[in-house]
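The values are calculated or read from the model by the stated rules, or taken from the named source; none is laboratory data. Given the structure is predicted, the values throughout are model-derived calculations rather than measurements. No Cβ is skipped: glycine too gets one built from the backbone with ideal geometry, and neighbour counts run over all protein chains shown.
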Amino acid sequence: MRRAATVPCRACSAELAEGARKCHRCGVLQRDDVRCPHCGAVADAAPHPELIFACEACGGPRVPQDDAILRSKGGETAALRRAEAARSSRARWTAVGLGASALLAMTLGTLGIAGLLFGAGVKLAVAATLLATPLVLLLATAVGRVRARTHDLRPSLDAAWQAAAADLARGAASSFGAADLARALRVDEARAEELLALLDATDIVRGDVSADGELTFRPTVAPRVRVDVPVEPSGDAAAELDAQREAEAHAEARADGRPETRAGKAEG
Ligand SMILES: [Zn+2]
Ligand SMILES: [Zn+2]
């Protein structure tokens, strides 16, 4: 008898190992909590040369969330949307640039043929200038926009990954290492260490060296809460101190034989 460690794929019923992220046969994601912030599809993210990871449904930039517990609450969404806006704007300007260069080639070709047939004259030169100039300007604008959007893309992606890692770290219930972060965000340990160094530098996590020499990180939020908690009782502590002072004043007043009310006022 087979061990019952398999579950059927939600789409094609292929037998999958329990807890499998994705069907090996049809590719459908077996989890509902991994939703694309751009297209809303429950689709996986695949490695991408420029976007690092891209949605398998819409192609938008994504940060994988592979751990059910150690995961972001969506802090990266805004930066991912900025990156996606840059990417789609770049795609539009690329299309405009390609269109302009095709039109320019056609125009110059036609004028060249006209020049060969009727001889190159002033009229032809004027026609060439009038027709080609707007296309050249449009092409130059498109090239500039494509460059600018490419330039915008990387900082947004970096911001998204940092936000995801920060969000994940803030929600961490216990300390975690680079290997845990690498697994949760589907990156290599070097990249996870880079992200952790940034989180450490911005005081989101604090590094601890465990007894066995392993570097682990814990969110600074938890200690901060512990520090903040006594702030509230400190009001009580202050009241207690006041009461103590008042009692001392009373005792002093009694010892001096002064009226208590005046001593209380003098001390207050
Ligand atoms: Zn399947
Ligand atoms: Zn998508």
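Summary of computed values
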quantity	calculated
Some residue of the stretch 22-44 being surrounded by fewer than 18 Cβ atoms within 10 Å (Cβ to Cβ) and either in contact (Cβ under 8 Å) with a residue 60 or more places away in the chain or touching a His at 6+ places or on another chain (Cβ under 6 Å) (or both)	no
Candidates 191, 183, filtered to the one that is modelled with pLDDT under 95 and basic (Lys, Arg)	183
Identity of the residue in the stretch 42-73, of a type in the set (A, V, I, L, M, F, W, C) and within 16 Å of ligand 1 (Cβ to nearest atom), that ends up nearest to residue 182 (Cα to Cα)	43
Residue within the stretch 119-138 that is outside any helix (DSSP H, G or I) and within 30 Å of residue 187 (Cβ to Cβ) present	no
Pairs, first of a type in the set (A, V, I, L, M) in the stretch 141-153, second surrounded by fewer than 14 Cβ atoms within 10 Å (Cβ to Cβ), C-beta under 8 Å, six or more apart	153/50
Filter pass, residue 80 being farther than 18 Å from residue 183 by Cα and part of a strand (DSSP E or B)	no
Selection within the stretch 45-68 - in a loop (DSSP other than H, G, I, E, B), surrounded by 20 or more Cβ atoms within 10 Å (Cβ to Cβ) and near ligand 2 (Cβ under 8 Å from one of its atoms)	60, 62
Some residue of the stretch 14-23 being within 29 Å of the chain's Cα centre (by Cα) and over 27 Å from residue 185 (Cα atoms)	no
Some residue of the stretch 102-124 being under 15 Å from the mean Cα position of the chain (by Cα), small (Gly, Ala, Ser) and either within 16 Å of ligand 2 (Cβ to nearest atom) or farther than 30 Å from residue 26 by Cβ (or both)	no
Some residue of the stretch 3-12 being within 14 Å of ligand 2 (Cβ to nearest atom), surrounded by 13 or more Cβ atoms within 10 Å (Cβ to Cβ) and not polar (S, T, N, Q)	no
Conditions (1) in contact (Cβ under 8 Å) with a residue 12 or more places away in the chain; (2) of a type in the set (Ser, Thr, Tyr); (3) assigned to a helix (DSSP H, G or I); number of the one not met by residue 110	(1)
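Residues are listed down the side, and each one gets a yes or a no for (1) away from ligand 1 (no atom under 16 Å from the Cβ); (2) closer than 16 Å to residue 156 by Cβ; (3) not assigned by TED's automatic domain parsing to the domain that holds residue 177:
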| position | (1), (2), (3) |
| --- | --- |
| 14 | no, no, yes |
| 18 | no, no, yes |
| 21 | no, no, yes |
| 25 | no, no, yes |
| 28 | no, no, yes |
| 35 | yes, no, yes |
| 81 | yes, yes, no |
| 90 | yes, yes, no |
